[in-house]
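The values are calculated or read from the model by the stated rules, or taken from the named source; none is laboratory data. If you're wondering where the values come from, they're calculated on a predicted model, not measured in any experiment. Using ideal geometry, Cβ is built from the backbone for each residue, glycine included, and neighbour counts are taken over all protein chains shown.
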Amino acid sequence: MSGKQFFVDRYNKLGWNYKPVELKQAIRININNVGEADLVRRFESRRIKLEPIPFLSHAYWIRKSPFSVGATTEYLLGYYSIQEAAAQIPATLFADLEDKVVLDACAAPGGKTVQLADLMHNTGVIFALDIEKRRLTALANHLERCHIENTIAYLMDARSVSHLKIKFDRILLDVPCSGNFATDKQWFQRRTIEDVQRNAELQRQILAEAVRILHDDGEIVYSTCSLESEENELNIDWATKHLNVQAEPIVCYGETASTEVLGKQLSSSIANCKRIWPTQTQGFFVCKLKKRVDP
Amino acid sequence: MELDETSIAKKGGRYFLLNPESKRLVSDDFFYAGAYLGKERRGVFFPSFILLAMIAERKEANKIIVDDKTEWLFIVGRDVFKRGILQVVGSRRKNAHTLVMNKRGECLGFGRILHNLEEGEAKPKVAVENVSDVGDFLRRERTIEH
């Protein structure tokens, strides 16, 4: 089962009418490295027009730029990162991050790792993992460019984190996923439901490992840039039933996730998850999980 | 400049400075850790941009401050012409290494002085050879992509 109509029909059943989308380039200011007002003035002097992203802090869409914003002195000095707007949401959902031991389980190329480090003011420790050396090299370059000092990176599968013998306070699971058509123009030609199911199974394995290494009072933020329920609501419903976790309320951009998906009635806490359809941003799904405390 | 040696980790010729929490938790098989200081190749140490920024904070560091045009040329890998240098701090001697800073005091990299930078000397075309500049991050990205 594949093809554009197949997937568009599924989105319809979830309550969204497919529309093509043109994404705006977004940046996030690394406030540990530069004053926001100073950087905005520097952009203006270079005739780069910015638009604040209303649902994020220290984040802007690039309205107009006479040259690539990925080649300015300010970029090379690590004053900002180029990071799609929806992708900036997950790291902001943790209750507090300073001095914590944090895991970024699928970290490369490192946009969210740098964002976590910025939110932590370079305190505590981030463990950043990826399974591909080439992608980890890109992450290392990103860390050096942004002057990150609190991150340890390992070439490691997120399903094997227990080998580190560390319990984590916060875990970011921006898991490998099927992606969406907003960031991949060939998405409908490329993807099948079998890909989605294969990714969903991998994501469940990563989720299960993450719960094992989470402190009892810790937090997991789970996110995908997939629009497919198998990788989102259905996986979180599975986690609530098999991993003794529950989805916690979050405040961020996006729609309340549905508790009735593809003919299945899901756990009521799924309504605490957020689904973002591609309009102003790419498609995204995000939620926060905590271990259930039994009375 | 002194760093606490017990907080430095070495991995395959690369050096990293660890904060106490990272030092406590890191294991030997790490890929990257803490603040990257630089790498050693065939007995020569190449400082990272994090280390260069640390050195730039020190008063005794050799520095040249360059104008806007020279800043742009330098980060695309070009050498520094004498006419683009606004100020010299520290050594002006031939073969000395010097940080290259922009007008805002930001470290763009470093170079080697090719001719004495004494004022009044006959002006050579290239005064400071580019050894390393922050534009390297873009060049590395291209290498990874291909």
Would it be correct to say that B:Leu52 is farther than 17 Å from A:Phe127 by Cα, at pLDDT below 95, touching a strand residue (DSSP E or B) at 6+ places or on another chain (Cβ under 9 Å) and not in a strand (DSSP E or B)? no
Please pick out the residue among A:Arg145, A:Arg134 that is without any contact (Cβ under 8 Å) to a residue 24 or more places away in the chain, facing chain B (nearest Cβ under 9 Å) and either crowded, with 24+ Cβ neighbours inside 10 Å or not aromatic (Phe, Trp, Tyr) (or both). A:Arg134
Among A:Leu172, A:Leu164, A:Leu116, A:Leu139, the single one that is within 13 Å of chain B (Cβ to nearest Cβ) and either among the β-branched types (Val, Ile, Thr) or crowded, with 22+ Cβ neighbours inside 10 Å (or both) is A:Leu139
Filter segment A:171-204 down to the residues that are of a type in the set (Lys, Arg) and touching a helix residue (DSSP H, G or I) at 6+ places or on another chain (Cβ under 8 Å) and list them by number. A:Arg191, A:Arg204
Across (1) assigned to a strand (DSSP E or B); (2) within 11 Å of chain A (Cβ to nearest Cβ), B:Ser22 clears everything bar (1)
Quickly run through segment A:1-15 and pick out the residues that are under 18 Å from A:Asp184 (Cα atoms), touching a residue at least 24 places away in the same chain (Cβ under 8 Å) and loosely packed, with under 14 Cβ neighbours inside 10 Å. A:Gly3, A:Lys4, A:Phe6
Among the numbered conditions (1) surrounded by 14 or more Cβ atoms within 10 Å (Cβ to Cβ); (2) at positive phi, tell me where A:Phe181 comes up short. (2)
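One line per residue, one yes/no per condition, for (1) under 18 Å from the mean Cα position of the chain (by Cα); (2) more than 8 Å from chain B (Cβ to nearest Cβ); (3) small (Gly, Ala, Ser); (4) closer than 22 Å to A:Cys225 by Cα:
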| residue | (1), (2), (3), (4) |
| --- | --- |
| A:Ile126 | yes, yes, no, no |
| A:Ser160 | no, yes, yes, no |
| A:Lys185 | no, yes, no, yes |
| A:Thr192 | no, yes, no, yes |
Matching entry among B:Leu3, B:Leu99 (being within 14 Å of chain A (Cβ to nearest Cβ) and crowded, with 19+ Cβ neighbours inside 10 Å): B:Leu99
Subset of segment A:16-26, residues touching a helix residue (DSSP H, G or I) at 6+ places or on another chain (Cβ under 8 Å) and in contact (Cβ under 8 Å) with a residue 24 or more places away in the chain, comes to A:Ala26
Just to be sure, is B:Leu86 in a helix (DSSP H, G or I), free of Cβ contacts under 8 Å to residues at least 40 places away in the same chain and away from chain A (no Cβ under 11 Å)? no
In segment A:240-293, residue farthest from A:Ser226 (Cα to Cα) [restricted to those that are among the acidic types (Asp, Glu) and touching a residue at least 12 places away in the same chain (Cβ under 8 Å)]: A:Glu248
Residues in segment B:69-83: is at least one at pLDDT 95 or above and in contact with a His (Cβ under 9 Å, 6 or more places away or on another chain)? no
Residue check for A:Ile27: in contact with a Ser or Thr (Cβ under 8 Å, 6 or more places away or on another chain) and buried (at least 20 other Cβ atoms within 10 Å of the Cβ): yes
If A:Asn122 satisfies all but one of (1) modelled with pLDDT under 95; (2) more than 11 Å from chain B (Cβ to nearest Cβ), what's the number of the condition it fails? (2)
